[in-house]
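The values are calculated or read from the model by the stated rules, or taken from the named source; none is laboratory data. Here the structure is a predicted model, which means the values were calculated and not measured. All Cβ positions, even for glycine, are placed from backbone atoms using ideal geometry, and neighbour counts span all protein chains on display.
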Amino acid sequence: MKTSLNIGLKQTQRLVMTQSLRQSIEILQMSTIELSEKISQEFLENPFLEELNFQQVENPVEAAINRNLSGDENHEVRKSDENDIFADSSDTGFIKTGADEDKNRSFIENAVSSKEGLIEHLLWQARMSAESEHLYQIYEEFITSLNEDGFYENDVFEELIHKYGKDTVVGIKKNVQSFDPNGCGTSGVSESLTVQSKIFFADDPVILEMIEKYYDDIIKLDYESISRKMSLPMDVIVEKSKLLHNLNPLAGRLFSSIEVKYIVPDVDVRLLDEDIIVTINDDWIPSIKLSSYYARLLKEKKVNNEQKEYLNEKLQSAKALIKNISHRRDTIKSVVTSIMEKQRGFLENGPGHLTYLTHHDVAEEVGVHESTVSRVANSKFVQTSWGTFAIKYFFVSRIKSKTGEEEDDHSSDVVKNKISQIINDENSDDPYSDEAIVVILKESGFTVARRTVAKYRGVLNIPSSNKRKRLNKIKS
């Protein structure tokens, strides 16, 4: 068989991931806040981008103030103002100008405030308690080994004992446990509650015995078992357990440094006269335009080839960004509109009335790929008259009926809502078991398995029937 090398042409189709296409995909899956930060960064890097100012007519007084603040005011005017200031013989001190006040105000507003953490708070108390620098060093090693809950790892504690001696380390541990917040410097929840009970309920031996000997029963809410083991009436045990609720099992969390993340809705949806109104929330997104100055500069002959190449690159980048932001807006609006049309029952009746919906259904109607719908749903929220929900919330799975007929199927949201209603209406002294809920659902036309009921009950944060019974006893 002969082998030879030939030169030929072959035509194939291939998707090339350009920079603009990559940016379009990235921008589509960004939330409103993330996009705002992205645009702010682009303002710093791309001279062709400018923030659009919608204020067309400027008040003469405001114009004069702006000129003054920007330093563009005529020198003679500023000079005459200075003469007026020093002409006032009644003032013997220095008069601050508006610029000085603005600088001071800006400094105060931009000053970074730091919140005291658990470690810093404990070390501050250790500094006042330590009798020597050596003891403070041991305090520091022990305190800095604590986690955000205020607990230590046994391995670290054993290392400190081996390094400094048992009596010294145990003594420091006891001191830290008495620091504010009480209960830190312990091995876990059980010891933390024990320390707190000795401080807050020193005259109540029953509470201390309950924690030290029957902690597992407390977790299970098995007060009948505690009552039997301690030979005390049930109502006494229940009352003591209520006092335990005043203690903090995770004392260190009082100084948690975890920041609260606030949700900014990306879309606002309203139902007005049977019409679904979808509005994109652009309040947080700066409006951008191309710089006319750099556009003129690009056409000037004095600009050399290297500068022209740089400006052309930034111009194309700016155009692509504006185009991709517009495309993101249109895509989100069309996808959310399709979702809300299919979930009209939710807009009319609220949670618990979502119908079966998948990414494929929306993608097919809008005319985009399923991955595009997934990117739109990623990290974005919709504000409705019923509250603010993640877009992912509106995609609901289907529970197939045993008949096999699609019209007999129900969405998981409807079944969850029905389970919640059944449990809310149950007898508090005799709560329904999962098997009983299955029977009630079947009578209502919902054919589901017991494990499905248990799964949805867990999603709804509803405890088992035994725990509900014990909790109801405590409440009553």
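Within the range 207-225, restricting attention to residues that are touching a residue at least 24 places away in the same chain (Cβ under 8 Å) and aromatic (F, W, Y), the residue that is surrounded by the most Cβ atoms within 10 Å (Cβ to Cβ) is Y223. You will find that of N83, N104, the residue that is at pLDDT below 90, over 29 Å from R253 (Cα atoms) and either surrounded by 10 or more Cβ atoms within 10 Å (Cβ to Cβ) or under 42 Å from the mean Cα position of the chain (by Cα) (or both) is N104 and no other. The set of residues in the range 226-255 that are hydroxyl-bearing (S, T, Y) and either in the same structural domain as R328 (by TED's automatic domain parsing) or surrounded by 15 or more Cβ atoms within 10 Å (Cβ to Cβ) (or both) comprises S227, S241.
Here is a yes/no grid of residues against (1) in contact (Cβ under 8 Å) with a residue 60 or more places away in the chain; (2) touching a helix residue (DSSP H, G or I) at 6+ places or on another chain (Cβ under 6 Å):
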site	(1), (2)
S292	no, no
R296	no, no
Q307	no, no
Y310	no, no
E313	no, no
K319	no, no
R328	yes, yes
M340	yes, no
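Taking (1) within 30 Å of A390 (Cα to Cα); (2) touching a helix residue (DSSP H, G or I) at 6+ places or on another chain (Cβ under 8 Å); (3) modelled with pLDDT under 90 in turn, D283 satisfies each apart from (2).
State all residues of the range 229-282 that are touching a residue at least 60 places away in the same chain (Cβ under 8 Å) and part of a strand (DSSP E or B); if no residue qualifies, say none. Once the filter is applied, which keeps residues that are touching a residue at least 60 places away in the same chain (Cβ under 8 Å) and part of a strand (DSSP E or B), the range 229-282 yields V267, D268, V269, R270, L271, I276, V278.
For the range 203-222, which residues satisfy the criterion of being outside any helix (DSSP H, G or I) and not acidic (D, E)? Quick ask: steps written out before the conclusion?
Going through the range 203-222, the residues outside any helix (DSSP H, G or I) turn out to be 203-204, 220-222.
Result: K220, L221.
Just wondering, is there one or more residues in the range 156-178 that are more than 15 Å from G252 (Cβ to Cβ), loosely packed, with under 13 Cβ neighbours inside 10 Å, of a type in the set (K, R) and within 37 Å of the chain's Cα centre (by Cα)? Scanning the range 156-178, I find at least one residue that is more than 15 Å from G252 (Cβ to Cβ), loosely packed, with under 13 Cβ neighbours inside 10 Å, of a type in the set (K, R) and within 37 Å of the chain's Cα centre (by Cα), so the answer is yes. A count restricted to the range 182-202 and to residues that are modelled with pLDDT of 90 or more and part of a loop (DSSP other than H, G, I, E, B) stands at 7.
Under the condition of being within 19 Å of N324 (Cα to Cα) and either modelled with pLDDT of 90 or more or charged (D, E, K, R) (or both), the residues counted in the range 371-386 number 8.
Do we find a residue being exposed (fewer than 10 other Cβ atoms within 10 Å of the Cβ), closer than 26 Å to E309 by Cβ and at pLDDT 75 or above anywhere in the range 42-59? Yes: one or more hits.
Can you name the residue in the range 289-319 that is basic (K, R) and surrounded by 13 or more Cβ atoms within 10 Å (Cβ to Cβ) and is also farthest from E50 (Cα to Cα) among such residues? Can you show your working first?
We begin by selecting, within the range 289-319, every residue basic (K, R); these are 289, 296, 299, 301-302, 308, 314, 319.
When the remaining residues are screened for being surrounded by 13 or more Cβ atoms within 10 Å (Cβ to Cβ), the result is 289, 308, 314, 319.
Working: K289: 5, K308: 19, K314: 13, K319: 12 Å.
Across the range 289-319, the extreme among qualifying residues is K308.
All of (1) over 34 Å from the mean Cα position of the chain (by Cα); (2) modelled with pLDDT of 85 or more hold for K402 with one exception: (2).
Residues that are in a loop (DSSP other than H, G, I, E, B) and under 16 Å from Q29 (Cβ atoms) within the range 372-386 comprise N378, S379, K380, listed in sequence order.
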